[in-house]
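The structure appears below as structure tokens.
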Amino acid sequence: MRFSFGRDVVLENVSFSVEPGETVVLIGPSGQGKSTLLKLMAGLLSPSRGSVSIEGHDLSKMSSQERETLAKKVGMLFQKNALFDSLTSVENVAFPLREVAGSSVDEGHAIKVAERFLDAVGIAHARDLLPDEISGGMQKRLGIARALALDPQIVFYDDPTAGLDPITSRKIVQLIMDLRDKRKSTVVAVTNDMHRAYQLADRILMVVDKEVIDCGSPAETQAFKDPRVAQFIRGLLDGPLTVQA
């Protein structure tokens, strides 16, 4: 797969697969295309060349009806949560339920489902609060609840612990793992926090220099020989990354 913005190539010769029930974490320096790759996998962007397939179906060849069916199987936590400021917590979670059902929505059912997911992420008490009335960690939990509202089989998380303190970050990742295990879902997540990557991942991929490196399990990643991987996981990428023969 290849993806470019105009003449700027972001990703080149990318090829990998994610197995059902697997948790894959994307790591790599900022600006290398991790969030772009996540959006390509979720069908929010289309590759310039090649294809992205879910359950053997090429996203670019799906009809609008097939895409609507797929949308019910996929959930996404966007970077910075992308919550609706004017909606309460329960209304934020109910939003995708209303969108899918359209005019046939059963409002009472949508609210009950939203309340169940607020309870699942531990913020049922924030039901009637607006996003700016709750903490950053609670906003993240709210974003997760909304991402899971349609009970998706595949969940994409774009930097789910960004801006959170280490204790809250660990709790958020544990929550993601608990919900994953309960629903037997497939998870793909972006993070630059290696502690959380090791906590969450079955397999780690690094996005760097327009390519995707399959680093293997957390243990295999820590022993990976590519110097770009070794430098990154040791936190040495504050300046330019250089590799010498």
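Rounded to whole numbers, the Karplus 3J(HN,Hα) couplings from phi for the stretch 187-201 are 10, 10, 10, 9, 7, 10, 9, 5, 4, 6, 4, 5, 5, 9, 7 Hz, using 6.51 cos²θ - 1.76 cosθ + 1.60 with θ = phi - 60°, and x at Gly and Pro.
Compared with the dominant Cα axis of the chain, that is its longest principal axis, helix 166-183 is turned about 70°. Peptide packing for 36-43, 129-136, 72-79 was compared via the average number of neighbouring C-beta atoms within 10 Å per residue; ordered from the highest value, the list is 36-43, 72-79, 129-136.
Estimated at 0.36 nm per residue, the fully extended path between Leu87 and Ala124 surpasses their Cα-Cα distance by 11.8 nm.
Take every Cα pair under 8 Å whose residues are at least 6 apart in sequence, average their separation, divide by the length of the chain, and the relative contact order is 27 percent. Calculated translational diffusion coefficient of the stretch 118-237 (4 °C, 1.567 mPa s; Stokes-Einstein with Kirkwood radius over alpha-carbon pairs) equals 83 µm²/s. Mind telling me which of Val93, Val208, Val14 comes out most flexible in a GNM of the chain, alpha-carbon contacts under 10 Å? Highest fluctuation among the options: Val14. Put simply, the amide H of Val10, placed in the peptide plane, has neighbours under 5 Å in Phe3, Ser4, Phe5, leaving out anything fewer than 5 places away on its chain. Counting only alpha carbon atoms, the long axis of helix 136-147 and the longest principal axis of the chain meet at about 80°. A DSSP coil position with no more than 15 other Cβ atoms inside 10 Å describes the following trypsin sites (Lys or Arg not before Pro) in the stretch 135-191: Lys184. Comparing the chain with the 2.2 N^0.38 Å rule of thumb, its C-alpha radius of gyration ratio is 1.04 (two decimals). At full extension, Lys210 and Ser30 could sit 63.6 nm farther apart than now, given 0.36 nm per residue minus the alpha carbon distance. Distance check, please: which entries in Lys73/Lys140; Lys73/Lys210; Lys80/Lys171; Lys140/Lys210; Lys112/Lys182; Lys80/Lys112 exceed 24 angstrom between their Cα atoms? Distance filter (> 24 Å) returns Lys73/Lys210; Lys140/Lys210; Lys80/Lys112.
Computed from the coordinates by the stated procedures, all read-outs in this text should not be read as laboratory data. Being a predicted model, the structure only gives us computed values, none of them experimental. In this analysis, Cβ positions are derived from the backbone assuming ideal geometry, glycine residues included, and neighbour counts consider all displayed protein chains.
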